[in-house]
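First comes the structure, then the notes that go with it.
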Amino acid sequence: VQLQASGGGSVQAGGSLGLSCTASGYTFSSYHMGWFRQAPGKEREFVARINWSGASTSYADSVKGRFTISRDNAKNTVFLQMTSLKPEDTAVYYCARHRSSVGWSTSAWSYDAWGQGTLVTVSS
């Protein structure tokens, strides 16, 4: 199982950025996916999740209305489109695969495979 995230970078507050995560080594369309982030000195936190088909999504309150998660099962890729970025969005962003053996969750322990992380820096 491999998850390869890309698309991070630096942007000014109010700007937009898109992240991608391409999966390999398993049947991507059979698994829910999620995005998490970890800011310096803070714990990893849930950002967004999407079910296996893409029909259902949910978001952390801090990003609701600004971030959009989507997926393309034909391309084994999950996306995170981020708009109206704020300095507090600065973090390393991780994509993750949800365990198939537990109910759909926003808890990090429910995810069993992680990408390498991509840094997003938002300046004021």
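The values are calculated or read from the model by the stated rules, or taken from the named source; none is laboratory data. Keep in mind the model is a prediction, meaning the values are calculated, not measured. In this analysis, Cβ positions are derived from the backbone assuming ideal geometry, glycine residues included, and neighbour counts consider all displayed protein chains. Please note that ligands, DNA and RNA were not included when accessible areas were found on the heavy atoms of the full protein model with its side chains. Shrake-Rupley method; radii C 1.70, N 1.55, O 1.52, S 1.80 Å.
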What's the local net charge at SER58, with K and R +1, D and E -1, over the other residues with C-beta under 13 Å away? +1
Report the dimensions of the chain along its three principal axes from the alpha-carbon atoms, largest first, rounded to Å. 41, 27, 25
What number comes out for the charge environment of SER110, summing +1 per Lys or Arg and -1 per Asp or Glu over other residues with Cβ under 13 Å away? +3
Rounded to the nearest percent, how much of the accessible area of the chain (1.4 Å probe, protein heavy atoms only) is carbon and sulfur? 46 percent
Check which residues have an amide H placed less than 5 Å from ARG71's amide H, if you skip close sequence neighbours. PHE79
Most positive-pole-ward Cα, THR83, SER70, THR106, against dipole of segment 51-118 from beta carbon charges: SER70
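Give me the accessible area per residue for the chain, probe 1.4 Å, as a whole number in Å².
Numbers: 6010 Å² over 124 residues.
Heavy-atom accessible area per residue stands at 49 Å².
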Can you give the charge dipole size of the chain about its Cα centre, rounded to the nearest 20 debye, using +1 on the beta carbon of Lys and Arg and -1 on the beta carbon of Asp and Glu? 120 debye
Rank these by accessible area, largest first, 1.4 Å probe: HIS98, HIS32. HIS32, HIS98
